[in-house]
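One structure below.
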Amino acid sequence: MIQSDAALWQVAGQYAYDDSETNTEELTLRSGGEEINESLIKILEGIMLQRIVILLIVLLGILQPADAQNHKANLKSAERLYKFIVAGQGDSVHVRMSDTIRKKVAPVVFSDSFRQLEKQMGKFKSRGKWKTEMAEGITMYHCDVHFEKNSMRFTVVFDEDGRASTLTFTPATSVVDAKPMKFNKKRLEEKSVEISTDTFRLPGTLTLPKGGSRLPVLILVHGSGPNDRDETLGPNKPFRDIAWGLAEQGIAVLRYDKRTKVYGTAAYPQGVEATFDNEVVDDVISAVRLVKSLPEIDSARVYVLGHSLGGMLVPRIAQRAGEGCLGGIISLAGPVRKMEQLLTEQMTYISSLSGTQPDVKAAVEQVMNSLPESYRKMETEYQPVEVARMLKLPFLVLQGERDYQVTMQDFGMWRFGLYRNPNVLFKSYPKLNHALQEGSGKSTPFEYTHLSPVPEYVIKDIADFINGVFKQ
């Protein structure tokens, strides 16, 4: 979905409070009167449903590389800015911001910010220590500020001249870094495979329990954007976690780099119209054919799990594969509602966190108008619940209750539309966000910058479904 990603870059540039006139050797794109760094564009691919954290970073103006910064001096500057904000000294804050932000934001905005926070959150109670985080090569300085009703994270990012290019209060994240999942070399093995569809060749990995035979297999289907086989998001690799966890339970897993990851714009040669099929579905069908040919795999026990966009498309994948081809399908945080509604909801949510007031309606219209007609037509016509009603195979719908990108409203629509179907099972997880990270309270995009492997109970539920013992 290269075109749709590009459209959203334009929207981000339209209302970003950023200092984007940075010298760079990379190509820059001009959008809404602003320039967006090409290196950031590479990061931005895939934000339509899954990588909204990077969109927030654009909206807030984080464009400077970490290696140009003096950490010690920046920590002192961050502390100084915080004290000015608390004291209501907007002029002192304003003079220390980047040139672009000074042109766009009046000093009174900074003068009133802390007072407005206390109106909403109650009286100030305490403040935590300064911490430094890296996200996609960007250094963020932040401290948690505790009020009577809630806690907020004060975040500052500096440009190479030592001026603040970002200064925000967002809900303090409750996600903390965890230990990464480890690969058990004694019990598991991985083999390189290749998914072939017409002239396209996609490298993949098959994870297996050592010595296994006639194994059930799960094929993992990415969300939107050019994802790698692990569906990497910051330090997190949820598809790798699922593959390793399921292989420990005797289930083979195939994951592969998405077509738009491998081929970029060449995924859509001139004259080829972009659709869900040539972005996602065609390659999944090829992956099904591949695993059915492997000697280690039980060809009667092939399952497909889709995340986000992939979760929306699993009914179509099953329909395209044909009756009896698959053992079952799993939708993980799969949307039911249309892209325009999802984008409106996501942008409104993000702008509420950052305190900005963009013209969301105009921004969403710009995205939708930038999509290829073929893509918009298919997106309008495809009704995932209606297609799922026609299927006769087992179907598991999973959803994180803290997910603000694909929400419990979508989960409810799956459930309402399919409640009479005895083959469909449902489960939601109170602690999980869109990236399957545990947390509490209001989910924020910065959670995605923390290492948080997929919980074991999610992997167990998937295994139980495949093994026919899942309980709602």
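Just so you know, all these numbers are worked out from the coordinates, no wet-lab data involved. Quick caveat, the model's predicted, so the values are computed rather than measured. Heads up, the Cβs are rebuilt from the backbone with ideal geometry, glycines too, and the neighbour counts pull from every protein chain shown.
A 25 angstrom limit on the alpha carbon distance is what I want to check against. Which of K83/K149; K179/K431; K261/K431 exceed it? Table pairs above 25 Å Cα-Cα are K261/K431.
Taken one residue at a time, the phi angles of the stretch 465-472 give Karplus couplings (6.51, -1.76, 1.60, θ = phi - 60°) of 5, 5, 8, x, 10, 5, 10, 6 Hz. Gly and Pro are set to x.
Please list the non-local residues whose amide H lies under 5 Å from the amide H of L188, H modeled 1.01 Å from N, same-chain partners needing a gap of 5 or more. For L188, whose amide H was placed from the backbone, the distant partners under 5 Å are K210. Taking the number of Cβ atoms within 10 Å of each Cβ as an exposure proxy, the fewest-first ranking of T199, T275 is T199, T275. Compactness of the stretch 82-204, taken as the C-alpha radius of gyration over 2.2 N^0.38 Å, stands at 1.61. A protection proxy built from the mean count of other Cβ atoms within 10 Å ranks the segments 235-244, 304-313, most packed first, as 304-313, 235-244. Listed values for the stretch 96-107 are Karplus-derived 3J(HN,Hα) couplings in whole Hz (6.51 cos²θ - 1.76 cosθ + 1.60, θ = phi - 60°), namely 9, 8, 5, 4, 5, 5, 4, 6, 9, 10, 7, x, and x replaces Gly and Pro. Label sites at K83 and T380, each approximated as a point 7 angstrom past Cα along Cα to Cβ, lie 5.9 nm apart. Neighbour counting of Cβ atoms within 10 Å sorts the residues M121, M97, fewest neighbours leading, into M121, M97. Taking 7 Å steps out from each Cα toward its Cβ at S126 and L188 produces label points 3.9 nm apart. From least to most packed, judged by other beta carbons within 10 angstrom and beginning with the fewest, W130, W414 follow the order W130, W414. Taking a sphere under 13 Å around the Cβ of V217 and counting the other residues whose Cβ falls inside, with K and R at +1 and D and E at -1, yields a net charge of +4. Annotation: amide H-H contacts under 5 Å for I330 (H modelled 1.01 Å from N, sequence separation of 5 or more, or interchain): V304, L305, G306, L396.
For the stretch 78-83, backbone phi angles converted through the Karplus equation (6.51, -1.76, 1.60; θ = phi - 60°) give residue-by-residue couplings of 5, 4, 5, 5, 4, 5 Hz, Gly and Pro being listed as x.
The trypsin sites (Lys or Arg not before Pro) of the stretch 412-472 that meet both conditions, a loop assignment by DSSP and at most 10 other Cβ atoms within 10 Å of the site Cβ, are R420, K471. Give the shape of the stretch 160-288 as rounded, prolate or oblate, defined through the alpha-carbon gyration tensor: a ≥ b ≥ c are the square roots of its eigenvalues, a/c under 1.5 means rounded, and otherwise the shape is prolate if a/b is larger than b/c and oblate if not. Since a/c reaches 1.5 but b/c is at least a/b, the shape of the stretch 160-288 is classed as oblate. For the stretch 364-427, what does the alpha-carbon gyration tensor say about shape, rounded, prolate or oblate, given a ≥ b ≥ c as the root eigenvalues, a/c under 1.5 as rounded, and a/b over b/c as prolate? Because a/c hits 1.5 or more and a/b fails to exceed b/c, the stretch 364-427 counts as oblate.
Here the peptides 216-223, 252-259 are ranked by packing, the mean other Cβ count within 10 Å, and the order with the highest first is 216-223, 252-259. Straight-line cross-link reach from K182 at under 18 Å between alpha-carbon atoms covers these lysines, not counting any fewer than eight positions away in the same chain: K191, K210, K237, K460.
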